[in-house]
Structures are given as C-alpha cells and as structure tokens.
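Notes to accompany the following structure.
Every number here is computed from the coordinates shown, using simple stated rules; none is lab data. Worth saying up front: this structure is predicted, and the values here are computed from it rather than measured. Positions of Cβ are generated from backbone atoms using ideal geometry, with glycine treated the same way; all protein chains shown enter the neighbour counts.
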Amino acid sequence: MRVYVPLTLPGLADAHRTGELGPGPLTAYAVTPALREWYVSDDIEELEYAALGRAAQASLRLLAVDPGAPRRRVVVAADVPDREAVADPDRGLDPSALGEVRIARALPLDRAAAVHVDGDDAEADVSAAADALGAADQGDDDARFVVDGADDHELLWYAVQEIGGLLEDLEDLG
C-alpha cells in the first residue's frame, strides 16, 4: 500500500539523518475505503492524489504548531505492507480523518518512493495558511479562504536520492 507521511523540513532532515521516518506510531494517509467512498472514484491515480492532498493538509497542521520550521509542506510517499497501515474504523467517515492510517513503528526511509515538497513560490501562501489555520478551524470563512490558498500550489516531486541535495539547497537559501 502506498502511504503519504506528512512532515516538515526539519522532520525530513531527521529522517534523512536517521534513515527512518519515526518514531512510531506514525500518522499517514492512504487510499482507504472511506476515502474511496468520499471521493467517489475508481481511478487509483486520482485517489492517491487525494490521499497526497490530505497528507499535505496534515503537513500544514505540523507547520502551524512549529513556527520555527521553514514554511513548506513536506510529504513522503512510501510503500508498506497493507497490514502495517491501519485505518481506525471508528473514525472512518469523520471528515477530518478521511484517508488517515496509523503505522505502528518507525518506517525505514528505504521504503520511500518519493518526496513531495512545496516550491519557494508557495512559501508566503503556506505561511499565511499555517497562521490562519486556528481561525479557520473555528469557522472563520476568511481564514478558511487563506488556508485553501495553500492548496493552489502543487507539491514538487523529488526522488529519494535527492533528499540530501534538496535539504542542502534549502539550507543555503535560509
């Protein structure tokens, strides 16, 4: 099963240094039965894109609680045996938990298939979205509009072998 693990750039740096995503349990996103029902599609690519989007939203939440992290969403796509990614049946149809799965242990980075990261053109919108998230959660429509603005930016794709160079490039910019 392909899972999408939300991170921040410091989290990605830790994973690169230690060779694993973790420690467990990890929250990730995948094509679950509830996500299929919500998205109403049989196209696996569309469903995986929806799971990636859910992970990007979770990455934004991580940024909202870590003001020191660079304002870029990060998602690691990894492959795990189906039995290792468990959806909570009690939260299956909860809109905030669509596609959410738990992975009990740390995930070796060699299971990663790709890394998705915001480009530098997204930083201002992602920063504003992270700042507005609390108000959006409280029902503020203007804040929700700001949060949705982060979704206007596509995450860039990087091969796992590029993580070191990506982190170095971003460190040089900062």
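Here are the numbers for this structure:
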item	result
Under 11 Å, Cβ to Cβ, from PRO6 - net charge with Lys/Arg +1 and Asp/Glu -1	+2
Per-residue ³J(HN,Hα) for region 64-75, Karplus 6.51 cos²θ - 1.76 cosθ + 1.60, θ = phi - 60°, Hz, x for Gly and Pro	5, 9, 10, x, x, 6, x, 7, 9, 6, 9, 9
Positive-end extreme of charge dipole, the chain - chosen from ALA143, GLY165, TYR4 (charges on Cβ)	TYR4
Distance (nanometres) between label positions extended 7 Å along Cα→Cβ at SER127 and VAL65	2.3 nm
The chain: relative contact order in percent, alpha carbon pairs under 8 Å with at least 6 residues between	27 percent
Structure-based [θ]222 nm, the chain - -39500 (n - 2.57) summed over DSSP H runs of at least 4, per residue, nearest 500	-13500 deg cm²/dmol
Cα centroid of region 82-154 to Cα centroid of region 1-74, whole Å	6 Å
Contour excess over end-to-end distance, with Cα ends at ALA104 and HIS16 and 0.36 nm allotted per residue	29.7 nm
